[in-house]
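Written out below as C-alpha cells is the structure these notes cover.
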Amino acid sequence: MNPPTFVIDQGNTTTKAGLFVGGGLVDHLRVEKGQEQHLLDWIKASGSRGGIVSSVRKDKGQALLDQLGSEAVRMHQEIPLPFGNDYRTPKTLGVDRLANCAGALRLMPTNTLLIVDCGSCLTATYIENGRLQGGSISPGLRMRFEALAAFTGQLPRVVPSDQSIERIGKSTEESILSGVQCGVLAEIEEIIAHYCSINKALSVIITGGDASYFVPRLKSPIFAEPFLTLMGLHEIYQFRLHHP
C-alpha cells in the first residue's frame, strides 16, 4: 500500500490532522493547543511521505513545518487552487475557507454551494458557477461566551451546552445560553435563507467544531461534513502536485 499523505489544520485552540490514502481519509487526530508533539509523533509513526500544513496562528504553522521537514508544504493564499476565486482581496482570505471550498466542491460537484463553518469564527462562504464569491465572518460560539465575560463586570463565564436550550432563560446563565446559542442558530438560519433567496438550487454544507449542536436543530436542509477542511486540504495538496 502506498504511504499516506498527511494534512494538518491548525486552529486557534485545537489542531486537527488526517491521513489520506488513495484519496480517502483513513485516520484522523485532534489535539489541544500545546499538545502538537503528540500529533507530530502520530504522523511520523504513520510512515507518511508528504503533506500540507494549514494554520491560522501567528506563526502560520512554522513550528510544525520545521519539525516535519522538507516534504511538508504550507497552505497559503497564493497556492494553486482547484477552483476559481472572485474574492476582491484574495490575499486576506482565510486558508481554512479556501480548504473548505475545495472539500465542498469535491464532495458536491455542483455549481452553487454555501459552506457554513461553526468554528472559532462563524463563517459563510458562497460558491457560484464553481467560483468562490465571498460571504461573511462573525464571532463563533465560544468567542461570544468569552466576550460577555471579558467585556462586562458581572456576567459569568458560561460554556456551551449540548442540551436543548430554553428560549426564555430563568437565570443569568440560562439567559446567556439562550442569547448566544439560540442567537447563533437564528443567524445560521438567516444566512441560509438569504443565499437560498439568491439561488434556489443552493446546496448547504455545515462543518466546524461546534456544528454538532446546530445540525439537528436547523430547519433548513443541509449536509454535515465534520472533516470538510481536511478533505479540502488534501484536494489542494494533490492539485498542487500536478500544478506546481
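Projected label points at Ala63 and Met108, each 7 Å from Cα along the beta carbon direction, are separated by 3.7 nanometres. Once the chain from His194 to Gln37 is taken as fully extended at 0.36 nm per residue, the excess over their C-alpha distance is 52.2 nm. Spin-label model, Thr172 to Glu146: label points 7 Å out along the Cα-to-beta-carbon direction sit 2.1 nm apart. Taking the chain as a Gaussian network of alpha-carbon nodes connected by springs under 10 Å, the highest mean-square fluctuation of the residues Ser171, Ser120, Ser55 belongs to Ser171. Computed from Cα atoms, the angle from the helix 36-46 axis to the main principal axis of the chain rounds to 40 degrees.
For the chain, what's the relative contact order in percent, using C-alpha pairs closer than 8 Å and at least 6 residues apart?
Normalised by residue count, the contact order of the chain is 20 percent.
Comparing Leu148, Leu113, Leu185 in a Gaussian network model of the chain where C-alpha atoms under 10 Å apart are linked, the largest mean-square fluctuation is found at Leu148. With the cut-off at under 12 Å, measuring from each backbone N in the range 95-115 to a point 7 Å along the Cα-to-Cβ line of Phe223 picks out 103-115. Against the chain, whose longest principal axis comes from its Cα atoms, helix 141-150 is set at around 60 degrees. Mind pulling up the Rg/Rh value for the range 1-74? Radius of gyration and Kirkwood radius, both on Cα. Using only Cα positions, Rg/Rh for the range 1-74 is 0.93. Taking Cα atoms only, the orientation of helix 95-107 departs from the longest principal axis of the chain by about 80 degrees. Here the gap between Arg74 and Leu25, fully extended at 0.36 nm per residue and compared with their Cα-Cα distance, gives a gain of 15.7 nm. Taking the chain as a Gaussian network, Cα atoms linked when under 10 Å apart, which of Gln154, Gln37, Gln77 shows the biggest mean-square fluctuation? The residue with the greatest mean-square fluctuation here is Gln154.
Label positions at Val159 and Arg131, each projected 7 Å from the Cα along the C-beta direction, are separated by 4.6 nm. The convex hull of the Cα atoms of the range 84-227, projected and averaged over all directions, covers 9.2 nm². The amide H of Phe223, built 1.01 Å from its N in the peptide plane, has Val204, Ile205, Ile206 as neighbours under 5 Å, considering only residues 5 or more places off or on other chains. For the chain, DSSP calls about 60 percent of its internal beta bridges antiparallel. Do any trypsin sites (Lys or Arg not before Pro) in the range 64-104 lie in a DSSP loop with no more than 15 other beta carbon atoms within 10 Å, and if so, which? Counting only loop positions with at most 15 other Cβ atoms within 10 Å, the trypsin sites (Lys or Arg not before Pro) in the range 64-104 are Arg88.
Throughout, read-outs are computed from the coordinates displayed, never taken from laboratory work. The model shown is predicted, which means the values in this text are computed figures rather than measured ones. Ideal geometry is used to build each Cβ from the backbone, glycine not excepted, and the neighbour counts take in all protein chains shown.
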